[in-house]
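**Student:** Just passing along the structure, written as structure tokens.
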Amino acid sequence: MTSQSTRVLHVMCTVFLLGAFLSVGIGGWSLANDTGGGANIGGGILMLFGYLLGLIGIALGLATLVVGSVSQRRSRTRS
């Protein structure tokens, strides 16, 4: 694994976490400002989708850390 793979994983992690923060924020705002009489199903679904994106983003962040440390350790042992 090279530094290129860590960059790609880092960008993917950032995109997933950005999507998570935006969807949870918009979903929370939607649920907080619900003036109708019924349940706001769309806001809840949007928040669940945001939580899922956040979990994927955190997993990609951990994978980036592991790949970076393994590639750094391999480069030290080859020298």
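The values are calculated or read from the model by the stated rules, or taken from the named source; none is laboratory data. It should be emphasised that the depicted structure is a prediction, and the values quoted were computed from it without experimental measurement. Heavy atoms of the whole protein, side chains included, go into the accessibility calculation; ligands, DNA and RNA do not. Shrake-Rupley method; radii C 1.70, N 1.55, O 1.52, S 1.80 Å.
**Student:** Over the chain, what percent of the accessible surface lies on carbon and sulfur atoms, probe 1.4 Å?
**Tutor:** Values: 4110 of 5740 Å².
About 72 percent, which is the carbon plus sulfur part of the accessible surface.
**Student:** Now for a separate question. From the phi of every residue in the stretch 44-61, what ³J(HN,Hα) in whole Hz does the Karplus formula 6.51 cos²θ - 1.76 cosθ + 1.60 yield, where θ is phi - 60° and glycine or proline is x?
**Tutor:** x, 5, 5, 5, 4, 4, x, 5, 5, 4, x, 5, 5, x, 5, 4, 5, x
**Student:** How large is the accessible surface per residue of the chain, computed with a 1.4 Å probe and reported in Å² as a whole number?
**Tutor:** Values: 5740 Å² over 79 residues.
Dividing the accessible area of the chain by its residue count gives 73 Å².
**Student:** Moving on. Apply the Kirkwood formula to the chain: the hydrodynamic radius equals the inverse of the mean of 1/r over all pairs of different alpha-carbon atoms; give it in Å with one decimal.
**Tutor:** Details: mean 1/r = 0.0699 Å⁻¹.
Value: 14.3 Å, from the Cα pair sum.
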